[in-house]
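To start, the structure under review is shown below, and the notes come after it.
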Protein chains: 2
Amino acid sequence: MIEHQNTNPQELLHSHQLKSTACREGILQAMLDVREALSEHEIRTHLSVDFDRTTFYRSFKTLLEHQLIHKIVLDPQKIKYAVHTHRGSEHAHFYCEQCDSVRCVDGIHMPVVPLPEGYLIHHTDLIIRGLCHNCNTNVS
Amino acid sequence: MIEHQNTNPQELLHSHQLKSTACREGILQAMLDVREALSEHEIRTHLSVDFDRTTFYRSFKTLLEHQLIHKIVLDPQKIKYAVHTHRGSEHAHFYCEQCDSVRCVDGIHMPVVPLPEGYLIHHTDLIIRGLCHNCNTNVS
DNA sequence: TTTTTATTGCAACATAGTTGCATTGAATCA
DNA sequence: TGATTCAATGCAACTATGTTGCAATAAAAA
């Protein structure tokens, strides 16, 4: 149930043949700490050191390419990143429209989509939008 | 199978109690002509008249709010819009990673997601990425 | 410890979208 | 038909999310 509990950023990076740099480590550490999908801004505020935006995005790109993290696109101005855990690569994401949190959702079998002849599927993204337990029950 | 064949932008707008303006009409006309989800740029090049970007985005916003169109977010820099047809509001989208086209996919039953107690679902987005028939069979 | 190669920071640029404010235009009223 | 009214438009400025080129720097290997 609990992923990467004993895994630190350095180990993660080295196991993927990636150099261990401050920015990459910071990004991974933030994600491992918070256990929710985080935006660039959220990661930035979580870190003590500051990095140039370019460095951040280059780190994201590297981590994405090597599948250490994945990206959840909620809106052009609302992007979140999360570490890849033991879950299958295909899983859904729940987005709470009130508290703005994104959580990975296990136990989903992606729908079998009846596409016309000749279509090839590479990947399927499933985003569920609504209210999380906390925001749904604590009605203001 | 063919939607909005005899529907023109003015009728669409009036039936939704919206003023018929040049920009709104243009956007809808482009979508009805092309029958694919279109980006702002694609709509812009399809139109003869030019509008300010602000006007475009305000028109999108209005059309979205009144559910005449819907938005498909593929990436922060890759956004498409499509007219709402007779399909149910919940349908999947197929994105071809080669030719960059987005098509609405019918006949999908959205997966029933086993969320923890207390969660409330408002909407589900399903995006399938891969190669369309044309790009898959016409291999270069 | 030196070398090599990848990472970093800076500047500049691109796309997608929003807000405030003055002006114009669409639809309604008389 | 013409005046009125409120919404839509255009402009300027700003935000978030990226990307690219280039020189300086740091990480890992020799």
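The values are calculated or read from the model by the stated rules, or taken from the named source; none is laboratory data. Predicted model only: the values in this text are computed from it and were never measured. Counting neighbours? That spans all protein chains shown, and the Cβs are built from the backbone with ideal geometry, glycine included.
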Name the residues in region B:117-140 that are among the small types (Gly, Ala, Ser) and either within 7 Å of another protein chain (Cβ to nearest Cβ) or touching a Ser or Thr at 6+ places or on another chain (Cβ under 7 Å) (or both), would you?
-> B:118, B:130
Give me a count of the residues in region A:5-41 that are within 12 Å of DNA strand D (Cβ to nearest atom), within 16 Å of residue A:103 (Cα to Cα) and of a type in the set (A, V, I, L, M, F, W, C).
-> 2
Take the residues in region B:63-116 that are β-branched (Val, Ile, Thr) and either facing another protein chain (nearest Cβ under 9 Å) or assigned to a loop (DSSP other than H, G, I, E, B) (or both), then tell me which one is nearest to residue B:39 (Cα to Cα).
-> B:79
So which of B:72, B:27 ends up being modelled with pLDDT of 95 or more and either under 28 Å from residue A:118 (Cβ atoms) or of a type in the set (Asp, Glu) (or both)?
-> B:72
Flag if residue A:55 is over 16 Å from residue A:83 (Cβ atoms), part of a helix (DSSP H, G or I) and more than 10 Å from DNA strand D (Cβ to nearest atom) = no
Give just the number: which of (1) away from every other protein chain (no Cβ under 14 Å); (2) among the polar types (S, T, N, Q); (3) assigned to a strand (DSSP E or B) does residue A:45 not satisfy?
-> (3)
Residue set B:38, B:12, B:47; condition modelled with pLDDT of 95 or more and not β-branched (Val, Ile, Thr); output residue B:38
So which residues in region A:46-69 are acidic (Asp, Glu) and either within 10 Å of DNA strand C (Cβ to nearest atom) or not assigned by TED's automatic domain parsing to the domain that holds residue A:25 (or both), if there are any at all?
-> A:50, A:52
